[in-house]
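> Below are the C-alpha coordinates for one structure; questions will follow.
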Amino acid sequence: GATSTVGWVTSGMQSCTVSSTDIPGFTAQNASYTNVNGVAITPALSETARVDLTCRTFGGGTRTASTTITVQ
(Lines give C-alpha, C1' and ligand atoms only; values in the text may rest on other atoms or scores of the structure.)
Protein backbone atom coordinates (compact mmCIF):
# COMPACT_ATOMS: atom_id res chain seq x y z
CA GLY A 1 0.00 0.00 0.00
CA ALA A 2 2.90 2.45 -0.54
CA THR A 3 3.43 5.04 -3.25
CA SER A 4 6.15 4.65 -5.86
CA THR A 5 8.31 7.22 -7.61
CA VAL A 6 8.93 6.86 -11.36
CA GLY A 7 11.65 8.99 -12.90
CA TRP A 8 12.94 9.44 -16.44
CA VAL A 9 15.72 11.25 -18.30
CA THR A 10 15.61 11.50 -22.07
CA SER A 11 17.75 12.93 -24.86
CA GLY A 12 16.55 14.41 -28.14
CA MET A 13 12.87 14.46 -27.18
CA GLN A 14 10.46 17.38 -27.53
CA SER A 15 7.89 16.28 -24.94
CA CYS A 16 7.00 13.23 -22.88
CA THR A 17 3.91 11.99 -21.06
CA VAL A 18 3.64 9.29 -18.43
CA SER A 19 0.59 7.07 -18.14
CA SER A 20 -0.71 3.79 -16.76
CA THR A 21 -3.78 1.74 -17.60
CA ASP A 22 -3.26 -0.14 -14.32
CA ILE A 23 -3.43 2.86 -11.98
CA PRO A 24 -6.77 4.70 -11.93
CA GLY A 25 -6.37 8.46 -12.18
CA PHE A 26 -2.59 8.38 -12.71
CA THR A 27 -2.79 9.22 -16.42
CA ALA A 28 -5.19 12.12 -15.88
CA GLN A 29 -3.17 13.37 -12.92
CA ASN A 30 -0.04 13.62 -15.11
CA ALA A 31 -1.62 14.58 -18.46
CA SER A 32 -0.41 18.18 -18.41
CA TYR A 33 3.10 17.25 -17.26
CA THR A 34 5.12 16.96 -20.48
CA ASN A 35 8.70 17.43 -19.30
CA VAL A 36 11.38 15.41 -21.10
CA ASN A 37 13.06 14.74 -17.75
CA GLY A 38 10.86 14.22 -14.76
CA VAL A 39 9.42 12.38 -11.83
CA ALA A 40 5.89 11.15 -11.18
CA ILE A 41 4.54 9.70 -7.96
CA THR A 42 1.90 6.99 -8.04
CA PRO A 43 -0.93 6.68 -5.57
CA ALA A 44 -0.63 3.87 -3.01
CA LEU A 45 -0.35 0.57 -4.85
CA SER A 46 -1.69 -2.78 -3.76
CA GLU A 47 -0.72 -4.77 -6.86
CA THR A 48 1.77 -4.78 -9.73
CA ALA A 49 1.33 -1.93 -12.21
CA ARG A 50 2.82 -1.01 -15.58
CA VAL A 51 3.81 2.60 -16.28
CA ASP A 52 4.41 3.83 -19.83
CA LEU A 53 6.44 6.81 -21.02
CA THR A 54 5.56 8.16 -24.47
CA CYS A 55 7.81 10.82 -25.99
CA ARG A 56 7.59 12.87 -29.17
CA THR A 57 10.83 13.57 -31.03
CA PHE A 58 11.69 16.87 -32.66
CA GLY A 59 11.29 15.10 -36.01
CA GLY A 60 7.68 14.20 -35.23
CA GLY A 61 8.28 10.56 -34.31
CA THR A 62 7.20 8.75 -31.18
CA ARG A 63 9.28 6.70 -28.77
CA THR A 64 7.91 4.64 -25.91
CA ALA A 65 9.35 2.93 -22.85
CA SER A 66 7.69 1.08 -20.01
CA THR A 67 8.46 -0.25 -16.58
CA THR A 68 6.64 -2.49 -14.15
CA ILE A 69 6.27 -1.60 -10.49
CA THR A 70 6.11 -4.74 -8.39
CA VAL A 71 4.41 -4.71 -5.02
CA GLN A 72 5.92 -7.09 -2.47
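> What percent does the relative contact order of the chain come to when contacts are Cα pairs within less than 8 Å and at least six residues apart? Kindly include the intermediate steps, with their values, before the conclusion.
Working: 145 pairs, mean separation 26.5, N = 72.
Computed value for the chain: 37 percent relative contact order.
> Now, a different point. Of the heavy-atom accessible surface of the chain (probe 1.4 angstrom), what whole percent is carbon and sulfur?
Within the chain, the accessible surface is 48 percent carbon and sulfur.
> What nm distance separates the two modelled labels at THR57 and ALA44, each placed 7 Å from Cα along Cα→Cβ?
Spacing of the two 7 Å Cα→Cβ label points: 4.3 nm.
> Students often get this wrong, so try it: which of [x] 97; [y] 74; [z] 87 is volume of the Cα convex hull per residue in Å³ as calculated from the structure shown?
Correct label is [y].
The values are calculated or read from the model by the stated rules, or taken from the named source; none is laboratory data. All of these numbers come straight from a predicted model, not from anything done at the bench. Quick reminder, even Gly has a Cβ in these numbers, built from the backbone with ideal geometry, and neighbours come from all protein chains shown. Accessible surface areas use protein heavy atoms only, side chains included; no ligands, DNA or RNA. Shrake-Rupley method; radii C 1.70, N 1.55, O 1.52, S 1.80 Å.
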